[in-house]
1. Just to verify a result, which residue in region B:230-246, among those that are assigned to a loop (DSSP other than H, G, I, E, B) and of a type outside the set (Ser, Thr, Tyr), is farthest from B:Glu54 (Cα to Cα)?
2. With respect to A:Thr122, determine if the residue is under 30 Å from A:Ala14 (Cβ atoms) and more than 14 Å from chain B (Cβ to nearest Cβ).
3. Please state which one of B:Arg107, B:Arg129 is farther than 30 Å from B:Gly63 by Cα and buried (at least 20 other Cβ atoms within 10 Å of the Cβ).
4. Taking region B:207-229 as the region of interest, how many residues are buried (at least 22 other Cβ atoms within 10 Å of the Cβ) and either under 16 Å from B:Val53 (Cβ atoms) or in contact with a Pro (Cβ under 6 Å, 6 or more places away or on another chain) (or both)?
5. Among the numbered criteria (1) more than 27 Å from A:Ala186 (Cβ to Cβ); (2) within 14 Å of another protein chain (Cβ to nearest Cβ), which one does A:Ala51 miss?
6. Being under 24 Å from the mean Cα position of the chain (by Cα), in a helix (DSSP H, G or I), touching a residue at least 12 places away in the same chain (Cβ under 8 Å) and within 14 Å of chain B (Cβ to nearest Cβ) is the requirement here; does A:Ala45 meet it?
7. Of a type outside the set (Lys, Arg) and either assigned to a loop (DSSP other than H, G, I, E, B) or surrounded by 15 or more Cβ atoms within 10 Å (Cβ to Cβ) (or both): is that true of A:Val193 in this structure?
Amino acid sequence: MIGEVATQAGLAYAFVEREVALMKRYWLWELVWIIYGIVTSLSVAFIGIAAPVISGNAVDPSTTSRFVLYLLVGTIAWRFMGLVFENIAEIIAWERWEGTIEYTFMAPVPRLTHLAGMAAGTIVRAVVFSVTTLFAVMLFIPVDLSHANALSAVTMLAVGTVAFMGLGIASAVFPMLWTEKGLQMAYIVQAVVLLVSGVYYPTSVLPTWLQALSVISPATYVIEGMRRALLDGADLSALWPLVWPALLVGVLSVPIGLRAFIAAERYAKRTGRLKRSG
Amino acid sequence: MTIAVRPAIGPPAGTDPGQAGHARQALEARGIVKRFRASGKDVVAVAGVTLSVERGEIYALLGANGSGKSTLIRALSTLLEPDEGTVTVFGLDIRKDELAVKRLINRVSVEASFFKKLSAMENLVYAGRLYGVPASEARIRSRQILVRLGIAVTRHDEPLEKLSRGMQQKVAIARAFLTSPALLLLDEPTTGLDIRSKREVQTFVRDLRDEHDATILLTTHDLDEAERLADRIGVLHEGRLVVEGTAAELMGRHGTRGSLEDVFMSITGRKIDENEPSEIAGER
């Protein structure tokens, strides 16, 4: 049993090592994305700083500081989960673009191990991006983390990561089934999740029909939970009402996504879609 | 120079030729049919192919573009599910025992498919890991195989996109050999290579079989290559295996002037470099 787990971990590590090697080779693009992430986060934070000017009302500095952190938590947490989602949803499209899809799917690696390896590689990338963005933003803008409960925030993010891995795996099915339009469909899923999850605003400002969608988005709970943890120091027991819905999405979406992926792979093998040109 | 690969993984326990009669066959395909939907019509790419390849044999499938060679190879390599028929590899069913079959096979396609930004060595170490070869061992063996194939050590760590098409194809061949497959599927492995590279690869293929007990199924439309390498040759025409035998048998049986080209012409009515009329772009 332990030997088998070690074997599968070794196989999964192949994908992590590959992703890290690709990050090094595409370093200029990675740098571009990191800078883009930093600039986006800074831009959003400056909206917070400009709140008194924009609103035309005097706002006390502590309220402004809270507003800035509110926005930063949303943008950085979304960046993290968005990367996890994108990288996993792009598994098929990326391999097709590189021309390696046939070799990856011919390899004697169980699909679960393959996807776990890709998810691990993605998390490495998302951590590098998010931590770099956070520290870069803190160079420009004072961020008050004096009340933060880091453990609660990291736990919320971990729960959200699992949920987004599941959504990413399920969305990776689209490029498998629709070689030309599948990736666009995955991006639309991501865009809708961004809109309804309260990344930059409370979901209560959304129209009622969109609020219904926010209930099923794991990001809604994760971002709200991270805000309470980092702004108000909420501990895990206080956050439980936000943890369990996100956890539930993860517990459901990972196995459902995996089953959908395997079914789509089978369909692709029947119809000849499992190849570089689709 | 000995090829730096492990002996082929070989058939699984219980399917050794000495223990199970049927496992003398490395590959057994029965009644393989594959249809594709194109422009609202069903097109038959492979129309009931039955073939078997014995352990240690080099079997060449000859066919024009569109004859169904690549579709058949994709079906044998688990990338395509046949509509009808069964395939066993060393007695293992390709559907029921898919993972075990994958451990026994590898494939080289006509297009060298790699992470082009990564070096040959990085690609090979990655491929090795997927087949359970430790990275340190993969590095040593990769160097030896690449040198054996004529790629200088100085090129091993360059991004693959900087290597020529021929070199990339050699790296693809090295990748397949690195995993020591018991059954190697070569889909037009020397297409696009210059004469010298072609010969190097052909010698390597033969050495791999002779020294490491590998079984090789290759598709080609290079008649010289088939004659030079193969123990047996099958001709695929419009998705059907229309004839098979040794080169000498085929030339004798079809009463031609002693060349495989004549054999091919007399069986199919066209030259091997003519496309089949019913070719589906990219599928056959």
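1. Filtering region B:230-246 for residues assigned to a loop (DSSP other than H, G, I, E, B) gives B:230-231, B:238-239, B:246.
Among the residues that remain, those that are also of a type outside the set (Ser, Thr, Tyr) are: B:230-231, B:238-239.
Working: B:Ala230: 12, B:Asp231: 10, B:Glu238: 25, B:Gly239: 22 Å.
Across region B:230-246, the extreme among qualifying residues is B:Glu238.
2. Details: under 30 Å from A:Ala14 (Cβ atoms): yes; more than 14 Å from chain B (Cβ to nearest Cβ): yes.
Considered against the rule, which asks whether it is under 30 Å from A:Ala14 (Cβ atoms) and more than 14 Å from chain B (Cβ to nearest Cβ), A:Thr122 comes out as yes.
3. Values: B:Arg107 fails: farther than 30 Å from B:Gly63 by Cα.
After applying the criteria, what remains is B:Arg129.
4. 10
5. (2)
6. Spelling it out, it is not the case that A:Ala45 is under 24 Å from the mean Cα position of the chain (by Cα), in a helix (DSSP H, G or I), touching a residue at least 12 places away in the same chain (Cβ under 8 Å) and within 14 Å of chain B (Cβ to nearest Cβ).
7. Values: of a type outside the set (Lys, Arg): yes; either assigned to a loop (DSSP other than H, G, I, E, B) or surrounded by 15 or more Cβ atoms within 10 Å (Cβ to Cβ) (or both): yes.
The answer is yes for A:Val193.
For every residue, the table says whether it meets (1) within 14 Å of chain B (Cβ to nearest Cβ); (2) more than 30 Å from B:Leu79 (Cα to Cα); (3) surrounded by 15 or more Cβ atoms within 10 Å (Cβ to Cβ); (4) within 21 Å of the chain's Cα centre (by Cα).
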site	(1), (2), (3), (4)
A:Gly198	no, yes, yes, yes
A:Ser214	no, yes, yes, yes
A:Ser237	no, yes, no, no
A:Ala246	no, yes, yes, yes
A:Pro255	no, no, no, yes
A:Arg259	no, no, no, yes
A:Lys269	yes, no, yes, no
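The values are calculated or read from the model by the stated rules, or taken from the named source; none is laboratory data. All values reported here derive from a predicted model rather than from experimental measurement. Glycine gets a Cβ as well: all are built from the backbone with ideal geometry, and neighbour counts include every protein chain shown.
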